[in-house]
Amino acid sequence: MKRLSLYEPPMCCPTGLCGVSVDPELLRISTVLSNLKKNGIVVERYNLTSAPQEFVKNQEVNAILSSQGMNALPLTMVDGKIVMTKRYPTNAELSELLEIDQGVLAQESKPSARYKVTSHKGGPGLKGGCS
């Protein structure tokens, strides 16, 4: 089974699904990651705000950030190898990278309290919450 790791830019909450406007791309990737986990695929998701030690600990990620800066995020790894930077993979790309049927990624799920809009004060450098 493949292992997917996402290294994301700083967000005020682990998924970025907070604040007054929710980024549809973050909602899509959160749903996809949830579906992958439900189907037994190992998924690791690291946010620079909540897990900075993971960015330091991974030598490849650390090297990319040192050379390209924050613009390299989000960064996607499959089985410990960097496969994409600067954007999230599409469902078709994830299907190919993980060698799984694309239908697994798009499974419908009932609305969850996890995705409700909440308000946060924000952390360092963040004003009024995520966007």
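The values are calculated or read from the model by the stated rules, or taken from the named source; none is laboratory data. For clarity, every value in this text was computed on a predicted model and none was experimentally measured. Glycine also receives a Cβ, built like all others from the backbone with ideal geometry; neighbour counts cover every protein chain displayed.
Restricted to helices (runs of 4 or more DSSP H) entirely inside the range 1-92, those with at least 3 residues that are among the hydroxyl-bearing types (Ser, Thr, Tyr) and closer than 23 Å to Val104 by Cβ are 24-38.
When the range 93-105 is filtered for residues that are in a loop (DSSP other than H, G, I, E, B) and under 16 Å from the mean Cα position of the chain (by Cα), only Leu105 remains.
One residue stands out among those in the range 59-98 that are polar (S, T, N, Q) and touching a Ser or Thr at 6+ places or on another chain (Cβ under 8 Å): the one that is surrounded by the fewest Cβ atoms within 10 Å (Cβ to Cβ), which is Gln68.
Flag set for Ser50, criterion: surrounded by 11 or more Cβ atoms within 10 Å (Cβ to Cβ) and modelled with pLDDT of 90 or more.
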